[in-house]
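Since the structure comes first, as C-alpha coordinates, the remarks are kept for the end.
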Amino acid sequence: RDMTIQLSVTVRNARLDAIETTVGTSAILKIRSGSVPANCAAADSGTVLATVSCPSDWLAAASSGSKSKSGTWEDTSADATGTAAHFRLYASDGTTCHMQGTVTATGGGGDMTVDNTSFASGQPFTVTGFTLTDGNA
(Lines give C-alpha, C1' and ligand atoms only; values in the text may rest on other atoms or scores of the structure.)
Protein backbone atom coordinates (compact mmCIF):
# COMPACT_ATOMS: atom_id res chain seq x y z
CA ARG A 1 0.00 0.00 0.00
CA ASP A 2 1.19 3.52 -0.71
CA MET A 3 1.85 5.81 2.16
CA THR A 4 3.20 9.30 2.05
CA ILE A 5 5.49 10.24 4.90
CA GLN A 6 4.66 13.60 6.34
CA LEU A 7 7.02 15.64 8.47
CA SER A 8 6.30 18.51 10.80
CA VAL A 9 7.42 21.98 9.73
CA THR A 10 9.93 21.86 12.60
CA VAL A 11 11.60 18.74 11.16
CA ARG A 12 11.53 20.15 7.61
CA ASN A 13 13.14 23.38 8.83
CA ALA A 14 15.81 21.44 10.74
CA ARG A 15 16.69 19.41 7.65
CA LEU A 16 17.06 22.61 5.63
CA ASP A 17 19.13 24.36 8.30
CA ALA A 18 21.45 21.32 8.38
CA ILE A 19 22.43 22.06 4.77
CA GLU A 20 24.10 25.36 5.65
CA THR A 21 25.72 23.79 8.71
CA THR A 22 27.15 20.95 6.62
CA VAL A 23 28.42 23.12 3.76
CA GLY A 24 29.80 25.63 6.25
CA THR A 25 30.50 29.32 6.19
CA SER A 26 32.39 30.82 3.26
CA ALA A 27 30.66 28.60 0.69
CA ILE A 28 31.83 29.06 -2.90
CA LEU A 29 29.29 29.25 -5.73
CA LYS A 30 30.39 28.64 -9.31
CA ILE A 31 28.12 29.43 -12.24
CA ARG A 32 28.99 27.16 -15.15
CA SER A 33 28.09 26.57 -18.79
CA GLY A 34 26.95 23.19 -20.07
CA SER A 35 24.93 20.35 -18.64
CA VAL A 36 24.52 19.64 -14.95
CA PRO A 37 26.68 16.63 -13.96
CA ALA A 38 24.90 13.41 -12.94
CA ASN A 39 25.40 14.20 -9.23
CA CYS A 40 27.67 16.16 -6.90
CA ALA A 41 30.23 13.34 -6.84
CA ALA A 42 30.67 13.53 -10.63
CA ALA A 43 33.40 15.67 -12.17
CA ASP A 44 32.75 19.34 -12.88
CA SER A 45 31.46 20.08 -16.38
CA GLY A 46 31.37 23.14 -18.57
CA THR A 47 33.33 26.34 -18.08
CA VAL A 48 33.33 28.38 -14.87
CA LEU A 49 31.70 31.64 -15.92
CA ALA A 50 31.63 33.26 -12.48
CA THR A 51 32.75 32.53 -8.95
CA VAL A 52 30.97 33.93 -5.91
CA SER A 53 32.20 33.89 -2.35
CA CYS A 54 28.86 33.60 -0.56
CA PRO A 55 28.19 35.69 2.54
CA SER A 56 29.20 34.02 5.82
CA ASP A 57 25.52 33.41 6.60
CA TRP A 58 24.51 32.58 3.04
CA LEU A 59 21.03 31.19 3.71
CA ALA A 60 18.29 32.67 5.87
CA ALA A 61 16.92 30.54 8.71
CA ALA A 62 14.40 28.01 7.44
CA SER A 63 10.77 28.96 7.89
CA SER A 64 7.61 27.14 6.83
CA GLY A 65 9.70 24.41 5.19
CA SER A 66 11.70 26.81 2.95
CA LYS A 67 15.09 28.47 3.07
CA SER A 68 16.27 31.28 0.75
CA LYS A 69 19.53 33.00 -0.06
CA SER A 70 20.67 35.58 2.43
CA GLY A 71 22.65 38.69 1.59
CA THR A 72 23.99 39.64 -1.82
CA TRP A 73 25.36 36.93 -4.08
CA GLU A 74 27.29 38.63 -6.87
CA ASP A 75 30.48 38.62 -8.85
CA THR A 76 31.69 42.06 -9.90
CA SER A 77 33.77 40.58 -12.74
CA ALA A 78 32.71 37.37 -14.50
CA ASP A 79 35.51 34.85 -15.09
CA ALA A 80 34.62 33.94 -18.70
CA THR A 81 32.21 34.51 -21.57
CA GLY A 82 29.41 32.00 -22.11
CA THR A 83 25.83 31.05 -21.30
CA ALA A 84 25.02 30.16 -17.68
CA ALA A 85 23.34 26.76 -17.48
CA HIS A 86 24.06 25.29 -14.04
CA PHE A 87 25.60 26.02 -10.68
CA ARG A 88 27.63 24.08 -8.19
CA LEU A 89 27.93 25.07 -4.55
CA TYR A 90 31.16 24.04 -2.84
CA ALA A 91 32.56 24.10 0.68
CA SER A 92 35.07 26.86 1.37
CA ASP A 93 37.78 24.73 -0.32
CA GLY A 94 36.11 25.41 -3.69
CA THR A 95 36.35 21.73 -4.67
CA THR A 96 33.96 19.75 -2.42
CA CYS A 97 30.60 19.95 -4.21
CA HIS A 98 27.58 19.87 -1.92
CA MET A 99 24.79 21.09 -4.21
CA GLN A 100 24.09 21.67 -7.89
CA GLY A 101 21.20 22.68 -10.11
CA THR A 102 20.02 24.63 -13.12
CA VAL A 103 20.45 28.36 -13.72
CA THR A 104 18.03 30.53 -15.67
CA ALA A 105 17.33 34.24 -15.97
CA THR A 106 14.98 35.76 -13.40
CA GLY A 107 11.50 34.34 -13.97
CA GLY A 108 12.87 31.41 -16.01
CA GLY A 109 12.06 28.70 -13.47
CA GLY A 110 15.60 27.44 -12.83
CA ASP A 111 16.79 26.14 -9.47
CA MET A 112 18.73 29.41 -9.24
CA THR A 113 18.01 32.62 -11.11
CA VAL A 114 20.45 35.29 -12.22
CA ASP A 115 20.00 38.75 -13.69
CA ASN A 116 21.38 37.66 -17.09
CA THR A 117 22.47 34.23 -18.38
CA SER A 118 24.69 35.65 -21.16
CA PHE A 119 27.96 36.29 -19.40
CA ALA A 120 30.77 38.39 -20.83
CA SER A 121 34.17 38.16 -19.20
CA GLY A 122 34.55 41.02 -16.75
CA GLN A 123 30.87 41.92 -16.51
CA PRO A 124 29.11 42.01 -13.13
CA PHE A 125 26.25 39.65 -12.36
CA THR A 126 23.91 38.95 -9.45
CA VAL A 127 22.03 35.89 -8.26
CA THR A 128 18.44 37.12 -8.03
CA GLY A 129 16.78 34.08 -6.53
CA PHE A 130 17.56 30.85 -4.74
CA THR A 131 15.17 28.95 -2.46
CA LEU A 132 15.25 25.42 -1.10
CA THR A 133 11.97 23.77 -0.14
CA ASP A 134 11.92 20.57 1.88
CA GLY A 135 9.51 17.84 0.84
CA ASN A 136 7.22 15.57 2.83
CA ALA A 137 4.84 18.34 3.86
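The values are calculated or read from the model by the stated rules, or taken from the named source; none is laboratory data. Computed from a predicted structure; not experimentally measured. Note that each Cβ is placed from the backbone with ideal geometry, even for glycine, and that neighbours are counted across all protein chains shown. For accessibility, only protein heavy atoms count, side chains too; no ligands or nucleic acids. Shrake-Rupley method; radii C 1.70, N 1.55, O 1.52, S 1.80 Å.
Here are the numbers for the structure shown:
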item	result
Tensor-based shape of the range 76-121 (alpha-carbon gyration tensor, a/c under 1.5 rounded, otherwise prolate or oblate)	oblate
Residue-normalised accessible area of the chain, given per residue in Å² at a 1.4 Å probe	50 Å²
Percent accessible area from carbon and sulfur atoms, the range 1-64, protein chains only, probe 1.4 Å	52 percent
Added length on full extension, which subtracts the Cα-Cα distance from 0.36 nm per residue, T104 to T22	26.9 nm
Extension reserve of the T76-I5 stretch, reckoned as 0.36 nm per residue once the Cα distance is removed	21.2 nm
Backbone N under 16 Å from the S92 label point (7 Å along Cα→Cβ), restricted to the range 9-49	20-29
Cα-based shape type of the range 27-129, given that a ≥ b ≥ c are square roots of the gyration tensor eigenvalues and the cut on a/c is 1.5	rounded
Bridge type composition, the chain - antiparallel percent by DSSP, nearest 5	90 percent
